[in-house]
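Since the structure comes first, as structure tokens, the remarks are kept for the end.
The values are calculated or read from the model by the stated rules, or taken from the named source; none is laboratory data. Computed from a prediction, not measured in an experiment: that's the story for all the values here. Cβ sites come from the backbone with ideal geometry, for glycine too, and all protein chains shown count toward neighbours. Accessible surface areas use protein heavy atoms only, side chains included; no ligands, DNA or RNA. Shrake-Rupley method; radii C 1.70, N 1.55, O 1.52, S 1.80 Å.
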Amino acid sequence: MQSFALNTIFILISLSSLSIVVSSSKPLNPCNGDFLHTQAYRQMQNQTNTTHCKKLSSLQAQFAWNYHKTSHNQTQLNILIGTKLITNMGWLAWGINPDLPRMVGTRAIIAVKVPNQITPSVNTYNITKDIQLGCKLQPSGIDFMVQNMTVVDKDVGFFSVFATLVLPQRYNVSSLNHVWQVGYCVDGLEPKMHEASLGNLDSKEVLDLETGDCQNIGQHRRHMRKIHGILNIIGWGTLMPIGVIVARYFKQFPIKLDPCWYYFHYSCQVVGYMLGTAGWGLGLFLGHESKYYSFHSHRVLGICIFGFTTLQILAFQFKPTQEDEYRKHWNVYHHFLGYTLLVMIPVNIYKGIKILKPDNITWKWTYNGILVLLGVVVLALEIVTWAIFLYKKCCKKTMEELSPRRVEIEEDNKGQTKEGSSSRGIEVQE
């Protein structure tokens, strides 16, 4: 059974790795009609026929660009990025990182929109580690020239930023690390911290400006999250509750399957533990990769669940015998910890599903279906249990009521037998 669990984990991880390799280079995903009809995009298109346009992988952003080499062997890059802000206040950022596809170290262009402002402001910024730790984000110069920075606010509902960049040779146009962000909190003209959602975390790519192909860093994380969720829902969210159901209803009452119930109970717990532990380890890795975006309660509950399930598995190895005086204390501990996990596991799974918003509908209904199915099984077995219990209790009560009557009848029969014997004896003597 343990080798089966290891093989299952290996297959899932292999499929995850294969899907990551296959999706590591994604072709151009064209922009939709609304963005293509914006005035800013049409102006770019009129300048050159080689303008590329693509939907970005998160935050409902769309991105257009064209470029050419200058006489000084530099790259002149025209960019247009736009999204539909859901409020009348917020900010839109786009930038490039010469080192890695991440926010820290990015040279950014940020447009800020506040209520009652005629023209949104736009400036260049250096995103340092101190900014992510809470320091103020102030406009600053960057290591390349930026020209023609323009904000388009009332164009088919899009909030867009256009700019011309003159990039030195250190920026590789065939693998350009570019990032983008959207936020809705502004203090004066200072953009404040954006939401800590997965969409904000995944807003980064390595883009080939010539072909439009990209290595979607966020897509890799999404695959890892899927494997993390599948392992934990199957291991901790399904197999472990099945093991509890087997121990509850097939040990002695209402159906006695001794000793088969124990082997099935133990197998469900061990396989569920191994799958859940693999998913938990993957979750720790994902948390380490996104240390600035921590989901504290989900993480703490996950660590507690791993600790409690480890204690439950170890409890099998140190279980006292039936005759041992400590067996009753072991039973209380084992049952209490087991039912505690039955509450904690669904709570944490739903917390994890909530983190996936807005792409969590399928996950939510799938796990709802699993819980409903387990609940129906438990309800049916509970009804059978109570039906058998009440039937046996009723039969026992009936037997107890009938017992005195049977004694009386037997005594009457014995008395009649004695009287008949006496009368026959008298007749013989006469």
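The table that follows gives values for the structure above.
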item: Under Karplus coefficients 6.51, -1.76 and 1.60, residue-wise ³J(HN,Hα) of region 359-364 in Hz, glycine/proline x; result: 9, 10, 5, 4, 4, 4
item: Carbon plus sulfur fraction of accessible area for region 340-392, probe 1.4 Å, in percent; result: 79
item: Solvent exposure ordering (accessible area, 1.4 Å, most first) of LYS251, LYS392; result: LYS392, LYS251
item: Rg/Rh (Cα only; Kirkwood hydrodynamic radius) as it applies to region 140-215; result: 0.99
item: Kirkwood Rh, Cα atoms: Rg over Rh of region 358-402; result: 1.47
item: Low-density loop positions, trypsin sites (Lys or Arg not before Pro), region 76-178 - DSSP coil, at most 13 other Cβ in 10 Å; result: LYS136, ARG170
item: Per-q log10 I(q)/I(0), region 298-400, q = 0.17, 0.18, 0.21, 0.24 Å⁻¹ (Debye; single scatterer per alpha-carbon; no solvent); result: -0.98, -1.02, -1.09, -1.16
item: Protection-proxy order for peptides 305-315, 60-70, each taking the mean of Cβ atoms within 10 Å per residue, highest first; result: 60-70, 305-315
item: Cut-off under 5 Å, modelled amide H: who pairs with LYS192 long-range; result: CYS185, VAL186, ASP187
item: Calculated Rg and Dmax of region 198-260 using C-alpha coordinates, Å; result: 22.5, 70
item: Scattering profile of region 149-296 at q = 0.19 Å⁻¹ [log10 I(q)/I(0), Debye over alpha-carbon scatterers]; result: -1.19
item: Probe 1.4 Å, accessible area per residue of region 39-167, Å²; result: 47
item: Residue-level accessible surface for CYS53, protein heavy atoms, 1.4 Å, Å²; result: 10
item: Cα centre as origin, Lys/Arg/Asp/Glu Cβ charges: region 29-122 dipole, Debye; result: 40
item: Amide H contacts under 5 Å for MET145, placed H, 5+ residues apart; result: VAL166
item: Alpha-carbon radius of gyration plus Dmax, which is the widest Cα pair, for region 46-87 in Å; result: 13.3, 43
item: Average accessible surface area per residue within region 309-361, 1.4 Å rolling probe, Å²; result: 66
item: Rg over Rh, two decimals, region 76-201 (C-alpha only, Kirkwood Rh); result: 0.94
item: Region 229-332: projected area of the alpha-carbon convex hull, averaged over directions, in nm²; result: 7.6
item: Percent carbon-and-sulfur accessible area, region 76-138, ignoring ligands, DNA and RNA, probe 1.4 Å; result: 52
item: With every protein chain in place, region 220-275: carbon and sulfur % of accessible area (1.4 Å); result: 70
item: Against the rule of thumb 2.2 N^0.38 Å, how large the Cα Rg of region 305-364 comes out; result: 1.60
